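Asks: Quick one: this structure, given as structure tokens, is what I'll be asking you about.
The values are calculated or read from the model by the stated rules, or taken from the named source; none is laboratory data. The model shown is predicted, which means the values in this text are computed figures rather than measured ones. Using ideal geometry, Cβ is built from the backbone for each residue, glycine included, and neighbour counts are taken over all protein chains shown. Keep in mind that these areas ignore ligands, DNA and RNA; they rest on the heavy atoms of the full protein, side chains included. Shrake-Rupley method; radii C 1.70, N 1.55, O 1.52, S 1.80 Å.
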Amino acid sequence: MWMLAFVDHNNSKKVILIMRLFALLLLCTSPLLSHASPSHQSEGYATSSWATLHGDGRNSSHVPLLVTTQLQPQWLALKGASSWSAPVIAEDGTLYVTTGRGKGFAHLHAISRTGRVLWESPVAQSQDDLDAEAVFSAPLLDRDGHVYVGDSNQFWSFTVDGKVRWVANLRDLGIRQPLMGSVIVGSHVGGVSADGVVVLFDRNTGRPAVPPLRLPVPAGEPGRILPEGLWAKGLLDDKVRQKGWDLLTGQGYAVSHVPAVHPHQPRLFVTAGGGDGDVGQLFAIDVGADGLSIRYASEVPARTSSSPVLSADASRIYAVGHGGTLYALDSETGKLLWQRATEGENASPSVGPGDMVYVLGGDRLIAVEGETGQVLWRNNYREWARDRHPQLWSRFGLIGSRGKPDAYIDSVVTISNGLLWATLLVGYDVNFLVRDFVHPVQAYLVALDPSDGTVLEEWRVPDSSEGVISISPTGDVYLNLMSMQASLAHHGGYQWLLPKSIRRPKPRGGIYALAPVSLAEQLTASIQWLDTLASNRNPLFLEGIDSQLWSSRKVLALAVKRGELEAGLGRHVESLLQQSEAALSRCKTNTDDCEALFDALESMAKALL
């Protein structure tokens, strides 16, 4: 009998964490897990753990895989460039990310799992090249291995080795602003521009698939005051810093976030709230043979500046309006189902198993039941920060909160099986020249308990994130470093008044990577998760089993390649995984024939663990 003995049982902290993690997994087991697997992507999206800005076409920020909390920092890539979105991840583990440093720089980057730059788009010399506004558009991966990204005036398609497939000129279609991310609807790819034009292209040719649709939204008036030092000194092209600030804060532009795609129907959902009026709008847009049509336009809170997110069964749409109002609409009719004032941030919500919605509340994380809108818990991280950072002398009121630190949610929440992932930014309140703001000191990546938001594990991060966390099929965790708070602090002109111990160094930017300490341990965790699913003996968990088998085979292959697993044992594990996949295929065909699958999974776990 083969035995996998990868967990260091002499390390009591590790054992406790793993035991607690699997207790959480049991609590999170839910029939709605059946919707969460790499194959749950809408038609055309890459079969990957993270194919677009928020992971999938629904914008759920949910990775239906198990990730060990035994991670270690690996590398920092693209240092010196503000990165606005975490890398999207191809099925082979290649990462794709955009930056925006301007003329003389490349703006699309393909990076290996080890942090090596594989290729980049041609260096930008003019707006005929992929320009700096590509930073506002996270890459999108399709099922054929193609990469899509927009910039200020064009929409691009690249091959996996960096060759340009086609370029579509947005100005020729009357579009004056960049696409806010991109989406796939069947054989079409495209998105919605910041000035409110929906456009879809044929994925193969780049020609317009249907006539563009201009949404009935008011024109914005960009040009709000750019904070001093924001993304200065080359983090972002000076020519796009103002636009970046306006888009990030939902000011001046009709649309500032990526649409959501219905997983079962050719329909887009777009939030438009860039005006200063009393209400915004959420549009449902049908894609038909005759073109694009507005199914409904529902009134929503003004300046709604979050991406819309679909529930696991796609029956509800969630978004956050100005001032942190979370609301839910019926996706079929647009009827308002409920809304809750969370006093949170205008950031995109995340939706996980059981239709749990997680909302950023500034210094709190808030969990809301998606069906009813009931707030289940709120967790404040103030005491967590004060256990790690000292109380300072207030310097005659310069440092507020009696010199005590606070912690703030610094990213959209990413959900994996049994864990929540976020970044926390620890800082001190500062009162300077009639301004009251937070001076950032240290950012952390944290793994949280989904039942109450408690911090289970933490890692220091070299810069402020303000973005998204993406997770690979092999358990790697990636963060973008937008460096918004870090650049404001470093270039803000007030640091000389603060103690040297809390002054911010030069912003670093880039992409930060962490990976499992042991791939063999990651494989062990995956097999334990499969055993957990099998013990329920419920056909509703088939997609959850499917996704974990898919991930386990990738972890296994990489572990053997890196020499962490002996080749003979690797072949044996691969054989057992193949047997389980065959049993899964039969079970999917006939759910009355699932006992063989559950027996196979339990036998594999018993044999290997």
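Asks: Give the number of residues within the range 445-455 that are β-branched (V, I, T) and open to solvent by less than 10 Å² (accessible area, probe 1.4 Å).
Replies: Number of matching residues: 1.
Asks: From G370, G334, G361, which residue is touching a helix residue (DSSP H, G or I) at 6+ places or on another chain (Cβ under 6 Å), without any contact (Cβ under 8 Å) to a residue 60 or more places away in the chain and small (G, A, S)?
Replies: Exactly one of G370, G334, G361 is touching a helix residue (DSSP H, G or I) at 6+ places or on another chain (Cβ under 6 Å), without any contact (Cβ under 8 Å) to a residue 60 or more places away in the chain and small (G, A, S), namely G370.
Asks: Continuing with the same structure: Output the strands (runs of 3 or more DSSP E) that fall wholly within the range 56-130 and possess 2 or more residues being among the β-branched types (V, I, T), or say none.
Replies: The qualifying strands (runs of 3 or more DSSP E) are 95-98.
Asks: In the range 218-229, is there at least one residue being in a loop (DSSP other than H, G, I, E, B), at pLDDT 95 or above and open to solvent by less than 30 Å² (accessible area, probe 1.4 Å)?
Replies: There is no residue in the range 218-229 that is in a loop (DSSP other than H, G, I, E, B), at pLDDT 95 or above and open to solvent by less than 30 Å² (accessible area, probe 1.4 Å).
Asks: Another question, if that's okay. How about the range 559-592: which of its residues are part of a helix (DSSP H, G or I), farther than 17 Å from L608 by Cβ and touching a residue at least 40 places away in the same chain (Cβ under 8 Å)?
Replies: Those that are part of a helix (DSSP H, G or I), farther than 17 Å from L608 by Cβ and touching a residue at least 40 places away in the same chain (Cβ under 8 Å): L584, C587, K588, T591.
Asks: Okay, next question. Across the range 322-335, what is the total count of residues that are at pLDDT below 95 and assigned to a strand (DSSP E or B)?
Replies: Of the residues in that region, 3 qualify.
Asks: Separate question: Out of all the residues in the range 410-444, which are open to solvent by 10 Å² or more (accessible area, probe 1.4 Å) and in a strand (DSSP E or B)?
Replies: L425, D429, N431, F432, R435, D436, F437, V438, V441, Q442
A quick yes/no check of all residues on (1) over 25 Å from A272 (Cβ atoms); (2) basic (K, R); (3) in contact with a helix residue (DSSP H, G or I) (Cβ under 8 Å, 6 or more places away or on another chain); (4) free of Cβ contacts under 8 Å to residues at least 40 places away in the same chain:
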| position | (1), (2), (3), (4) |
| --- | --- |
| A81 | yes, no, no, no |
| R101 | yes, yes, yes, no |
| P122 | yes, no, no, yes |
| F136 | no, no, yes, no |
| L173 | no, no, no, yes |
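Asks: What's the number of the condition D406 fails, among (1) at pLDDT 95 or above; (2) out of contact with any Ser or Thr (no Cβ under 7 Å at 6 or more places or on another chain)?
Replies: Of everything listed in (1) at pLDDT 95 or above; (2) out of contact with any Ser or Thr (no Cβ under 7 Å at 6 or more places or on another chain), D406 misses just condition (1).
Asks: Now for a different question. For the range 374-387, what are the residues that are part of a loop (DSSP other than H, G, I, E, B) and farther than 16 Å from I409 by Cβ?
Replies: Matches in the range 374-387: Q374, D387.
Asks: Ok, one more. Look at Q391 and say whether it is assigned by the TED database to the domain that holds I469 and within 23 Å of L329 (Cβ to Cβ).
Replies: The answer is no for Q391.
Asks: Working only within the range 161-197, note down all residues that are more than 19 Å from D56 (Cα to Cα) and among the hydrophobic types (A, V, I, L, M, F, W, C).
Replies: Result: V164, W166, V167, A168, L170, L173, I175, A194, V197.
Asks: Could you tell me which residue of the range 522-545 is nearest to V560 (Cα to Cα), considering only residues that are open to solvent by 40 Å² or more (accessible area, probe 1.4 Å) and modelled with pLDDT under 85?
Replies: Checking each candidate, the answer is E543.
Asks: Go through the range 394-405 and count every residue that is under 29 Å from L479 (Cα atoms) and either open to solvent by 10 Å² or more (accessible area, probe 1.4 Å) or not assigned by the TED database to the domain that holds R364 (or both).
Replies: 1
Asks: Any chance the range 279-289 includes a residue that's part of a loop (DSSP other than H, G, I, E, B), touching a residue at least 24 places away in the same chain (Cβ under 8 Å) and open to solvent by 10 Å² or more (accessible area, probe 1.4 Å)?
Replies: no
Asks: For the range 469-490, how many residues meet the condition of being open to solvent by less than 10 Å² (accessible area, probe 1.4 Å) and touching a strand residue (DSSP E or B) at 6+ places or on another chain (Cβ under 8 Å)?
Replies: 15
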